[in-house]
1. Angle between the Cα long axis of helix 10-23 and the longest principal axis of the chain, 0 to 90 degrees, nearest 10?
2. Starting from the Cα of Q28, step 7 Å along the direction of its Cβ; do the same at R61; then give the gap between the two resulting points in nm.
3. For the Cα atoms of the chain, what angle does the longest principal axis make with the long axis of helix 36-60, in degrees from 0 to 90, nearest 10?
4. Would you calculate the volume per residue, in Å³, of the smallest convex hull containing every Cα atom of the chain?
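Coordinate-derived values only; no laboratory data. What you see is a predicted model, and the numbers here were worked out from it, not measured in a lab. Cβ: placed from backbone, ideal geometry, glycine included. Neighbour counts: every protein chain shown.
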Amino acid sequence: MEKSSGGIGLFTALGLIFIGRKLLNVIQWAWWLVLLPIWGPWALAAITLMIYLVYLYLQRR
């Protein structure tokens, strides 16, 4: 049996709150700022992976 956390993550919850507030005109932020909590962790992981791959490349060189 697989265990599941059964909930949404912090960044997803924060993103949904920001989206709701933007749609209700409570905040006047740009959409890229509103969506930052949703795609931000993925971008950080991609940047970290790229830095690691460059490090490995330089080590073998």
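1. Helix 10-23 and the main axis of the chain meet at about 40 degrees.
2. With each label point 7 Å from Cα toward Cβ, the separation is 4.8 nm.
3. The answer is roughly 0 degrees.
4. Given the Cα convex hull of the chain, per-residue volume reads 107 Å³.
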